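Chemist: Here you go, one structure.
The values are calculated or read from the model by the stated rules, or taken from the named source; none is laboratory data. Just so it is clear, the structure is predicted and the values come from calculations on it, not from any experiment. When we count neighbours, we look across all protein chains shown, and the Cβ atoms used for this are built from the backbone with ideal geometry, even at glycine. Please note that ligands, DNA and RNA were not included when accessible areas were found on the heavy atoms of the full protein model with its side chains. Shrake-Rupley method; radii C 1.70, N 1.55, O 1.52, S 1.80 Å.
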Amino acid sequence: MTEALPFDPTAATRNLVPFPRQEADAEPQHAPKQERQPPQAEALRVLGQNRFRYLHHNGAPYAVPYDGPPVAVPLRATAHSGTGSLRQHLIRAYVSDCDRTPSQSALADALAALDALAAHAPETELPLRVAADPDDPDVTWLDLGRPDGESVCLTSTGWALAHPDPETGPVWRRTKLVRPLPRPDRTAGGWRAGIEEFAALLPFTAETLPLAVGWLLAALRPSIPRPVAYLTGEQGTGKSTAGQMLAGVIEGARAPLRQAPDNLRDLGPTTAAGWVLALDNLSGMPAWLSDALCRIVTGDAQVTRALYTDDDVNVLTYQRPVLLTGIDLGALRNDLAERMLPLELQPIPRHKRRTAAALWTAYEQAHPRILGALLDLAAAVWADLPHAAAELAEHPRLADFAELLHALDRVTGWRSLDAFNGSQDALNDAVLDSHPVATALREWTTSYAFPHQGWQGTMAELHRALSRDGRGLVDGWPKTPGVLSSRIRQVAPALRARGIHVARVSASNKHGKVWAVTYAPPP
């Protein structure tokens, strides 16, 4: 792995459009001095062309400095944390070169001209925090959020600090949620020593610590579906603090946890602006949020109408690691339950409790070693992934994550994949127990009243069979056969995992289409 390389401002940048550099004082020499001075707007435009290349991401224009880190600067923002806006860069350059402040109208004219000139720039992916190398998909980059653009280059043979090459490396996009990360540090004890420091700070149980490490490794691997990490435990287990620390390993110390938004429109921008979507203190899960989280972990696009327009739209695309904290999420829908990764926290004894200041000081001191250990372990897991994928016989719904956990187990000797499968079984039972139709089917199919060879009949007959013993009078019970059919489809995968199969058969009778219910106890 190569050492960090200095920037080469003369190198060509792939997918970027260089504007011809112009001289601001190209007036006839015989003209009076005051006439040879270009208008402010023209001088600002030339500064923008001479110092930046331009591109588009999701339809919005960005500028990348010729002489600087590969970090994109938005054109249309008035202010921007971390990168600054192009407006701010132009003001700084003009004050430095001309020793005076440009007028607001000149800035507006110059930015409008640069925006128009950038209209034909190519559409380019601007990754946030984690990216695959454009030339080698087996190489992963991690943006440390530093002003100089220094990043981590991670391969199956190790990792090193480096600056992405202006021609072949990623160009980073940064927002107010992209916080600086410490430079990772290698310890004499290798990755095990760093993971032990991590385990000493967060009260994970012995069974869930490997799953937490596996989730962090998946967050370092771009473009794979990851389970929704869910920190759970009784009051006093420090779920919010543990969530901040877990997400903070790759998002920066004291990374904020967010309150769940009230609607889907607010969820999209906050998800796209950060790498980890961390929602705190959830006491329930509305249907729209459950569906949205399923899409976020597998990849989603949100299209909204652009402000002050009737025929233009804004497009946000994202695939993010998701972290939730809470005590009870209520009745989980089956599709979200299949994507959940419960991480149980154990109660903290009184003699081990520390003040918040002491705990965060210890975390920030250990953070470089924890991050370095995670990168060391990631390199070893990346190298073993092809062998683990070939060896794994069965895949759950999140197949990529299962392969990663299997590789992690082969490297460490842990049993994280077994723990993940066990947690999926527990969530499956929780879904069935909280679903009245699933509960009725389980009780019926395991009772002596259920025919040994199975049952066949119409959905109306099934509705009558399941509505006995007063169930039809319970609030929330499906009142019609059509609603019953819909409720069964919601939990069909969970039912099949417990040996209960409900399916329509080809036959039909005079009362309608025929359904079959069978039960075969799973091994």
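Chemist: Can you find a residue that is aromatic (Phe, Trp, Tyr), closer than 21 Å to Asn334 by Cα and at pLDDT 85 or above anywhere in the stretch 507-515? Quick ask: steps written out before the conclusion?
Modeler: Restricting attention to the stretch 507-515, the residues satisfying the condition of being aromatic (Phe, Trp, Tyr) are 515.
Among the residues that remain, those that are also closer than 21 Å to Asn334 by Cα are: none.
Checked the stretch 507-515: no residue is aromatic (Phe, Trp, Tyr), closer than 21 Å to Asn334 by Cα and at pLDDT 85 or above.
Chemist: Would you confirm, using the coordinates I've provided, whether Gly149 is at positive phi, open to solvent by less than 20 Å² (accessible area, probe 1.4 Å) and either out of contact with any helix residue (DSSP H, G or I) (no Cβ under 7 Å at 6 or more places or on another chain) or β-branched (Val, Ile, Thr) (or both)? Write out each step before concluding.
Modeler: Values: at positive phi: yes; open to solvent by less than 20 Å² (accessible area, probe 1.4 Å): yes; either out of contact with any helix residue (DSSP H, G or I) (no Cβ under 7 Å at 6 or more places or on another chain) or β-branched (Val, Ile, Thr) (or both): yes.
When the stated conditions are applied, Gly149 passes them.
Chemist: Quick one: which residue in Ala116, Ala93 is of a type outside the set (Asp, Glu), closer than 26 Å to Trp172 by Cβ and out of contact with any helix residue (DSSP H, G or I) (no Cβ under 9 Å at 6 or more places or on another chain)? I'd like the intermediate steps shown before the answer.
Modeler: Numbers: Ala93 fails: out of contact with any helix residue (DSSP H, G or I) (no Cβ under 9 Å at 6 or more places or on another chain).
Exactly one of Ala116, Ala93 is of a type outside the set (Asp, Glu), closer than 26 Å to Trp172 by Cβ and out of contact with any helix residue (DSSP H, G or I) (no Cβ under 9 Å at 6 or more places or on another chain), namely Ala116.
Chemist: If the Cβ limit is 7 Å and pairs must be 6+ apart or interchain, which residue in the stretch 83-112 that is without any contact (Cβ under 8 Å) to a residue 40 or more places away in the chain pairs with which residue that is surrounded by fewer than 13 Cβ atoms within 10 Å (Cβ to Cβ) and assigned to a helix (DSSP H, G or I)?
Modeler: Short answer, once both residue conditions are applied: Thr101/Val95.
Chemist: OK, next. Pick out, from the stretch 180-281, the helices (runs of 4 or more DSSP H) lying fully within it that include 1 or more residues that are surrounded by fewer than 18 Cβ atoms within 10 Å (Cβ to Cβ) and of a type in the set (S, T, N, Q). Break it down stepwise before answering.
Modeler: On the way: elements: 190-201, 209-219, 239-251, 264-272.
It comes to 239-251, 264-272.
Chemist: Among residues belonging to the stretch 308-336 that are in a loop (DSSP other than H, G, I, E, B) and modelled with pLDDT of 80 or more, point out the one that is surrounded by the most Cβ atoms within 10 Å (Cβ to Cβ).
Modeler: First pass over the stretch 308-336, keeping only residues in a loop (DSSP other than H, G, I, E, B): 308-312, 319-321, 326-333.
Keeping just the survivors that are modelled with pLDDT of 80 or more gives 319-321, 326.
Values: Gln319: 17, Arg320: 21, Pro321: 27, Gly326: 21.
Filtering first and then ranking leaves Pro321.
Chemist: I'm trying to understand the selection: among the residues of the stretch 153-178, which are open to solvent by 40 Å² or more (accessible area, probe 1.4 Å) and touching a helix residue (DSSP H, G or I) at 6+ places or on another chain (Cβ under 6 Å)? I'd like the intermediate steps shown before the answer.
Modeler: Our first condition is that a residue be open to solvent by 40 Å² or more (accessible area, probe 1.4 Å); within the stretch 153-178, this holds for 156-157, 165, 167-168, 176-177.
The answer is Ser156, and nothing else.
Here's the yes/no breakdown for (1) open to solvent by less than 20 Å² (accessible area, probe 1.4 Å); (2) closer than 29 Å to Ala229 by Cβ; (3) out of contact with any Lys or Arg (no Cβ under 9 Å at 6 or more places or on another chain):
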{"site": "Asp425", "(1), (2), (3)": "no, yes, yes"}
{"site": "Val431", "(1), (2), (3)": "yes, yes, no"}
{"site": "Tyr448", "(1), (2), (3)": "no, no, yes"}
{"site": "Asp469", "(1), (2), (3)": "no, no, yes"}
{"site": "Trp477", "(1), (2), (3)": "yes, no, no"}
{"site": "Arg487", "(1), (2), (3)": "no, yes, yes"}
{"site": "Gln490", "(1), (2), (3)": "no, yes, no"}
{"site": "Val505", "(1), (2), (3)": "no, no, no"}
{"site": "Pro522", "(1), (2), (3)": "no, yes, no"}
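Chemist: Could you please give the count of residues in the stretch 451-467 that are surrounded by 16 or more Cβ atoms within 10 Å (Cβ to Cβ) and farther than 22 Å from Pro521 by Cα?
Modeler: 5
Chemist: Here's something else I'd like to know. As an exercise: evaluate Ala393 against (1) over 29 Å from Gly299 (Cβ atoms); (2) of a type in the set (Gly, Ala, Ser); (3) modelled with pLDDT under 95 and give the number of the one condition it does not meet.
Modeler: (1) is the only condition that Ala393 fails.
Chemist: State whether the residues of the stretch 37-48 include one that is at pLDDT 85 or above, more than 12 Å from Val171 (Cβ to Cβ), surrounded by fewer than 18 Cβ atoms within 10 Å (Cβ to Cβ) and charged (D, E, K, R). Step through it out loud before you land on a result.
Modeler: From the stretch 37-48, those at pLDDT 85 or above are 39-48; that's our starting set.
Keeping just the survivors that are more than 12 Å from Val171 (Cβ to Cβ) gives 39-48.
Of the ones still in play, those that are also surrounded by fewer than 18 Cβ atoms within 10 Å (Cβ to Cβ) are 39, 42.
Remaining after also requiring charged (D, E, K, R): 42.
Within the stretch 37-48, one or more residues are at pLDDT 85 or above, more than 12 Å from Val171 (Cβ to Cβ), surrounded by fewer than 18 Cβ atoms within 10 Å (Cβ to Cβ) and charged (D, E, K, R).
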